[in-house]
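Asks: Quick one: the structure is below, questions incoming.
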Amino acid sequence: MHVVITGTSRGIGRELVNRYQAAGAEVTGTSRDHSSGVRLDVTDPGQQARFAAQLKGQPVDLLVCNAGVYLDKAMAMEDYSAEVWGKTLAANVTGVFLTVQALLPNLRLAEAPKIAILSSQMASHARAPGGSYAYRASKAAALNIGRNLATDLLPEGIAVGIYHPGCPSSTLQNYI
Ligand SMILES: NC(=O)c1ccc[n+]([C@@H]2O[C@H](COP(=O)([O-])OP(=O)(O)OC[C@H]3O[C@@H](n4cnc5c(N)ncnc54)[C@H](OP(=O)(O)O)[C@@H]3O)[C@@H](O)[C@H]2O)c1
């Protein structure tokens, strides 16, 4: 089993690498600074193209779109800038789509391919406690991308799940 996980320099991504390796999987991790696995800034189309070229012809059984940022944690309304919005949407939304797009040929080579997208319960429309506007909006968009990818990729047998870490997608969907 070949697992590709983005954003493995630390946090959940790094732990996923450890756990999949311990379970015997071949794991390709990525990081922006080359500290772990292959170099990939998910927002950079050039790096996405190089990453795809490096993996050309290799089946990918599971792609975990884990890389993400939470730049507006506890941010006051007056501190929001276009830069905060741009960087958040680039990593958490565009980055997810570009990664799936780049590795689709590899997923198509696997027998039962799966894509896991790390969204968040903060994507919920039903639970709106306020604050974290950019992060919440970005994770809602990631959820939306995942739901529509699931529809488009179903005929090819590529499963797409959207997750709040620790919860299956069915639980996340209960929040929406
Ligand atoms: N932790 C939670 O409680 C929680 C809850 C809900 C959802 N999530 C989601 O789960 C995922 C992992 O969370 P975490 O807590 O492990 O986060 P984290 O500790 O902040 O790690 C995020 C990872 O993403 C990488 N990353 C950020 N921007 C990137 C980019 N443009 N290109 C490539 N890699 C990039 C970081 O790399 P650098 O080291 O280069 O910055 C880092 O490896 C995120 O998508 C997060 O939103 C987490």
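None of the figures in this text is laboratory data; all of them are computed from the coordinates on show. What you see is a predicted model; the values in this text were computed from it and never measured. Neighbour counts are summed over all protein chains in view; Cβ atoms, including those assigned to glycine, are modelled from backbone coordinates with ideal geometry.
Asks: Among (1) closer than 17 Å to residue 107 by Cβ; (2) surrounded by fewer than 14 Cβ atoms within 10 Å (Cβ to Cβ), where does residue 55 come up short?
Replies: Only one criterion is unmet by residue 55, namely (2).
Asks: Can you find a residue in the range 106-119 that is hydroxyl-bearing (Ser, Thr, Tyr), assigned to a helix (DSSP H, G or I) and within 11 Å of the chain's Cα centre (by Cα)? Explain how you work it out, then say what you get.
Replies: In the first step, residues of the range 106-119 are kept if they are hydroxyl-bearing (Ser, Thr, Tyr); the result is 119.
Then keep just the ones that are assigned to a helix (DSSP H, G or I); that gives none.
Checked the range 106-119: no residue is hydroxyl-bearing (Ser, Thr, Tyr), assigned to a helix (DSSP H, G or I) and within 11 Å of the chain's Cα centre (by Cα).
Asks: Now a separate question. Among the numbered conditions (1) farther than 19 Å from residue 135 by Cα; (2) away from the ligand (no atom under 15 Å from the Cβ), tell me where residue 46 comes up short.
Replies: (2)
Asks: Now a separate question. Among the residues of the range 16-42, write down those that are out of contact with any Lys or Arg (no Cβ under 8 Å at 6 or more places or on another chain) and near the ligand (Cβ under 8 Å from one of its atoms).
Replies: Matches in the range 16-42: 35, 42.
Asks: Given (1) within 14 Å of the ligand (Cβ to nearest atom); (2) crowded, with 17+ Cβ neighbours inside 10 Å, where does residue 127 come up short, assuming only one miss?
Replies: That leaves (2) as the condition not met.
Asks: Which condition does residue 92 not pass, out of (1) buried (at least 17 other Cβ atoms within 10 Å of the Cβ); (2) more than 19 Å from residue 133 (Cα to Cα); (3) not acidic (Asp, Glu), if it passes all the others?
Replies: Condition not satisfied by residue 92: (2).
Asks: Checking the structure you have, find out if any residue of the range 28-43 is in contact (Cβ under 8 Å) with a residue 60 or more places away in the chain and buried (at least 17 other Cβ atoms within 10 Å of the Cβ). Let's see the steps before the verdict.
Replies: Residues of the range 28-43 that are in contact (Cβ under 8 Å) with a residue 60 or more places away in the chain, as a first pass: none.
For the range 28-43, residues in contact (Cβ under 8 Å) with a residue 60 or more places away in the chain and buried (at least 17 other Cβ atoms within 10 Å of the Cβ): absent.
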